[in-house]
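One structure below.
The values are calculated or read from the model by the stated rules, or taken from the named source; none is laboratory data. Because the structure is a prediction, the values reported are computed rather than measured. Methodologically, a virtual Cβ is constructed for each residue, glycine included, from the backbone with ideal geometry; neighbour enumeration extends over all protein chains shown. These accessible areas exclude ligands, DNA and RNA; they are computed on the full protein's heavy atoms, side chains included. Shrake-Rupley method; radii C 1.70, N 1.55, O 1.52, S 1.80 Å.
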Amino acid sequence: MSKRFSTLDTTRLLFEHPKILFRMIERMDRNEARYIRESDLVAEVMDYTGNLGKADRDRVRLAMNTDNLFRSGLIIDIIKADGERRLVFQDALINLMRACNASLYQELTDARLRGHLVTLRDVRNRLETSSFSEADPDYTELRDDLNERVSQLIGLLRQNVLRMQTISAQLADLSGDASRAPEKYLEFRQNLFEQIVTLYDRHIKPTLVFLNPDTRLPDGSNLFETLEAMVRLLETNDNHSLADQIFRSSLSLNALYKPIQAVAQEVEHFLRKTRRGMAQYNAMEHFYGKLRALKDDTETLSLRRKWLEGGEFARSTGFLLGLRAQQRPKHYAFGQSSSYYQLLFSELDLRLTDLRRKAEVPVLQEVDGSGRHSRIDVQRINQLYQWLETLELRPTADLVRELHGRLDGFIPGYRFPDLLAALNRLVNSPPEGMQVVTTNRFRTLEQAPDSEQFVYRKRRLEPGVTDIKQEPSHA
């Protein structure tokens, strides 16, 4: 009796060396067939095991032997046609291998999508005449069939979304010759256009139509109308748990529309690229693929591989060298709390109020030179005090900077002495319900165009009631 492996051992070896079946599935999809030729499998196994050690080579060749695969149940049928043997593998095994490699996901065609829709319509029609009784085996089988078909459809569409999101690499492969043969660019672009249009019309567009709740079909209801009808039937017959489950499934299906729409826009944008744009696109995809390979190395069972080992990548590319010596770009961070947004909207509201009151801003007289002009200074300050009486303020951690921001650009001829006068007014006569708290921290303000600097002691404006109201000093 010849040596053989169990189904578990054979499957384990297949997943320890997945490239064999990955390549076979790629060839099967390329030929649009549902079988693998035995001669192709043997040639692939011999080529792959050529670089393995003797023990591993013997194990893989024995596990991938046709007789062992058939006896273990991974091959369900062997067809003899045209002088060759064709191997039909278990759908479960093929689908699991596809799940391990996003590039092997099959795009859903219009025919497959229509098949799923027709099946769901049939389930809805049978549900209309069902008893909705848990004691009825016909109803329980129909319920289980409904759950299975909806879950299967969601799984297929999610796989399709993942497959479409890798379309950038596929577009890079299609346009790989754009930078190598500039004299044939026009011919190349025509061929590329035909291939991408086929991809769009055969796979992307049918999925968009299938997931669009506004689609009108001549032969009946669309996907979401069919699911809504089943939800109403279940709710009418008091099966609320299953109705909620189908409703949540319809929400999940509806959420898949936007990512596929984004892929369609990317395809349209790619078709408008020039030859130079395609070359740049391919370069970015090339290096992105290398980084993805480094990331995949961290997703193994080894807990030590947590970081990208990108030293060699950085040295080979060159454009990452010296990156640590560069200062990181500053970013604008938005808070997550409601108080942050309340503060932001409050600031915007105050600035808009200032803009509306632009006509009420006093026209202060200019002070020339460094000399003192008592009459003009007093008039400026009085006008400024009158305007401050109507100025709306809120609690702030830096009253001086807040006043500077409110005065600068709104008061003609504004200068730092005006800021000191306004600050003196608020310190001695704070707004009603507020108090000014002086700290020992110092800050600096600069004013263009002379880059004049003002060093001040930081003051806070806080809620509170002052007991003594002092008259403002005009000195």
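Tell me the label-point distance for the pair Asp77, Glu389, using the 7 Å Cα-to-Cβ offset, in nm and rounded to one decimal.
Placing both labels 7 Å along Cα→Cβ, they lie 9.7 nm apart.
Hey, any idea what % of the range 205-258's accessible area is carbon plus sulfur with a 1.4 Å probe? Walk me through the numbers on the way to the answer.
Numbers: 1480 of 2890 Å².
Summing carbon and sulfur atoms, their accessible area is 51 percent of the total for the range 205-258.
How about the range 188-244: which trypsin sites (Lys or Arg not before Pro) there are in a DSSP loop, with at most 10 other Cβ atoms within 10 Å of their Cβ? Working shown, then result.
On the way: sites: Arg189, Arg202, Arg216, Arg232; in loops: Arg216.
Taking the range 188-244 and a limit of 10 other Cβ atoms within 10 Å, the loop trypsin sites (Lys or Arg not before Pro) found are Arg216.
How do the peptides 22-28, 435-441, 141-147, 63-69 rank, highest first, by the average count of neighbouring beta carbon atoms within 10 Å per residue? Display every interim value, and only then the final one.
On the way: 22-28: 16.9, 435-441: 12.1, 141-147: 15.0, 63-69: 19.4.
My ranking of the peptides, most packed first, is 63-69, 22-28, 141-147, 435-441.
Provide the per residue accessible area, probe 1.4 Å, for the range 1-106, rounded to a whole number of square angstrom. Let's see the in-between values first.
Numbers: 6160 Å² over 106 residues.
Computed with neighbouring chains in place, this is 58 Å² per residue.
Quick one: pull the percent of accessible area on the range 32-162 belonging to carbon and sulfur, 1.4 Å probe, ligands and nucleic acids left out. Mind showing how you got there, number by number?
On the way: 3300 of 7060 Å².
Carbon with sulfur: 47 percent of the solvent-accessible area.
Under the Kirkwood approximation for Rh and a Cα-based Rg, what ratio Rg/Rh is obtained for the range 77-140? If you can, show how the numbers build up before the last one.
On the way: Rg = 19.0 Å, Rh = 15.9 Å.
With Rg and the Kirkwood Rh in hand, the quotient comes to 1.19.
Once amide H atoms are placed 1.01 Å from N in the peptide plane, what residues at a sequence separation of 5 or more from Lys458, or on another chain, have their amide H within under 5 Å of its amide H?
Thr439, Arg441, Phe442, Arg443
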